[in-house]
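Before I ask anything, let me first share the structure, which is written out below as structure tokens.
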Amino acid sequence: MTEPRPLKVFLCHASAGKSVVRKLSHRLAAEGWIDPWLDEEKLSFGQHWTTVIEDALDAADIVLIFLSRNSVQKEGFVQRELNYAWELSLEKPRNVIFLIPFRLDDCEVPRYLSSRQWGDYFGEKEESTYQILLRSLKQRHEQKLRLEAEEQKQREAANRERMEREAKEKAERDAAEKLALEKAERENAELAREIVKRKAAEKAVRKKAEREVAEKVARQKADRDIAEKAEPKNSELPVGQIANLSRTPTQKKEPEKKPARKFDFPKIVIATIIIITLLFGFWGVSYFINQLSTLGPTHAVTPTDNNLVGTIDSLVTSTVRALTASAAPTATLTPKPPTPTSTPKLPTSIPTLGIGSTKDGMTLVFVPAGEFTMGSEYLAEQSVYLDSFWIDQTEVTNKMYAWCVQAGVCRPPKPDSSWGDNGYFGNSEYEDYPMVDVDWYMAKTYCEWAGRRLPTEAEWEKAARGTDAREYPWGNDSPNDTLLNYNYNIAGTTEVGKYPAGASIYGALDMAGNVEEWVSSLDQFYPYSATDGREDLNASGPRVLRGGAWYDGNDYYVRTWFRLSEEYGNWGDGIGFRCALSP
């Protein structure tokens, strides 16, 4: 039997009460069955506060809110935590203990929290309040374990029902397939018998035609022999008859010989072609039908096939008779068997788009369809399926963006903090460097002008990490100054494609460092779903940035799964983008 999981307790407090809450957290953890969540102990360097804290609140079994005169009146993140915790409590049943307020000094409890039983955790009441707190936590823990046990029973019952239903459906499918297979086998056997009968009939017709031709030829030859034998020769006639014959005005002629039968060559050639073609077709149909016994039930021959065979049989028989009736007595036609045709091989290589095949000259790399692992152990790891797509090999450059500006479609970059006296955008020295100082709408407008679109957050991550859940685009090895551009004595961006060793498995470059890249997705909690509204291009709100920038001082920011966000109207000298394309 597995150990019951500990009770997850979130400690919400202001910075002024940090020391008191820290001691309470350690005391709760010592109980052994409580897992307190305190930001200074749970947050890692580089993590996004908003995302991590809201995830912890979502996972909490109970939330302790510590109030003081400072936290009640102070505006900022503490109020955001309080409001979010209050919204979560409204989703709980009324009999569930979830939100417990505690006062750390003599402050006024907010009206929306005053309906909850609260305690004073200061002065002489601190110890008694702690004991009452333990009792409340124990009650919530037992309640949570009961609910989880009931849910587990429901899941097991649902699984049993599903398995029984699937087993029943499978048995029904197997029985239906067996019946269909038996029916198809009977039909194929019957059809095979019909084919054998037709072949025998065709053979008998051919033999009869050949026999009739041979008999006719023999009769003609016999008639000629009889005529030649019955006619007397001139030397055998009496002398008087010879003289009479010489005096007659019209001398008797010898019997005319019938001219030898001549071939009508064009007709014979055409007939030969027709008979070979028909025999070839009949041979193909017969071969196809003979193979039907090896196919499944869904390949049974239909009545249309029987009509086709009968039609071919009739045409072959009539053609043989017509041909043999007009041919020379000794002429026979022996059709050659058709030569099997080879099956063409389908291409296996994936087409690629080269330089010059896009409006802005960008090279795109292909990402095939399939599932990949999105997120990490810190960000709700999940399996996501994507259709195939193309993505820019590098970030969009200054030169490419300038063409869109010249076309009157794109706006010039925002006021920047460019490096050097000569500026950045519009300077030929930096034309192959990534475009920066663009907000989300500017990036979206450019991709649409170029005939593409911004990639979704999931597409960007798959293009960067592949299907083997890489920590970095090149693999799992720690980064260095040959793999990416960030914080390696580089005061700014570098030209795109400078670090080929850092390419992803699909050949995408600069997906770690150089500039953070806009994607189309809104900044919403995981699990990721492209249909939950986060891909609404008309919605307002923070949009996700991926890939890290040159100024990030920790390789945590350039991992393939790490996500940041900015308001869609913000920009900076480390924010750029690349585009994607659906096939």
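Can you name the residue in segment 548-583 that is of a type in the set (S, T, Y), in contact with a Gly (Cβ under 7 Å, 6 or more places away or on another chain) and not in a loop (DSSP other than H, G, I, E, B) and is also surrounded by the fewest Cβ atoms within 10 Å (Cβ to Cβ) among such residues?
Y556
Now for a separate question. Just checking, which of L537, L509 is among the aliphatic types (A, V, I, L, M), surrounded by fewer than 24 Cβ atoms within 10 Å (Cβ to Cβ) and touching a residue at least 12 places away in the same chain (Cβ under 8 Å)?
None of the other options fit; the residue is L537.
Every residue, every condition in (1) surrounded by 15 or more Cβ atoms within 10 Å (Cβ to Cβ); (2) at pLDDT 85 or above; (3) aromatic (F, W, Y), yes or no:
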| position | (1), (2), (3) |
| --- | --- |
| E108 | no, no, no |
| D120 | yes, yes, no |
| K144 | yes, no, no |
| E148 | no, no, no |
| R155 | no, yes, no |
| M163 | no, yes, no |
| E166 | no, yes, no |
| A171 | no, yes, no |
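Read through the list (1) free of Cβ contacts under 8 Å to residues at least 60 places away in the same chain; (2) of a type in the set (S, T, N, Q); (3) buried (at least 17 other Cβ atoms within 10 Å of the Cβ), then give the number of the only condition that S529 fails.
Of everything listed in (1) free of Cβ contacts under 8 Å to residues at least 60 places away in the same chain; (2) of a type in the set (S, T, N, Q); (3) buried (at least 17 other Cβ atoms within 10 Å of the Cβ), S529 misses just condition (3).
Of everything in segment 444-475 that's out of contact with any Lys or Arg (no Cβ under 7 Å at 6 or more places or on another chain), of a type in the set (G, A, S) and not in a strand (DSSP E or B), which residue is modelled with the lowest pLDDT?
Across segment 444-475, the extreme among qualifying residues is A469.
Which residues, counting only those in segment 115-145, are part of a loop (DSSP other than H, G, I, E, B) and closer than 18 Å to F10 by Cα? Let's see the steps before the verdict.
Initially, segment 115-145 is screened for residues part of a loop (DSSP other than H, G, I, E, B), giving 115-118, 121-122.
Scanning segment 115-145 gives R116, Q117, W118, Y121.
Looking only at residues that are without any contact (Cβ under 8 Å) to a residue 60 or more places away in the chain and touching a Lys or Arg at 6+ places or on another chain (Cβ under 9 Å) in segment 17-39, which one is surrounded by the fewest Cβ atoms within 10 Å (Cβ to Cβ)?
Ranking the qualifying residues of segment 17-39, first place goes to D35.
The values are calculated or read from the model by the stated rules, or taken from the named source; none is laboratory data. Keep in mind that this is a model prediction, so the values were computed, not measured. Using ideal geometry, Cβ is built from the backbone for each residue, glycine included, and neighbour counts are taken over all protein chains shown.
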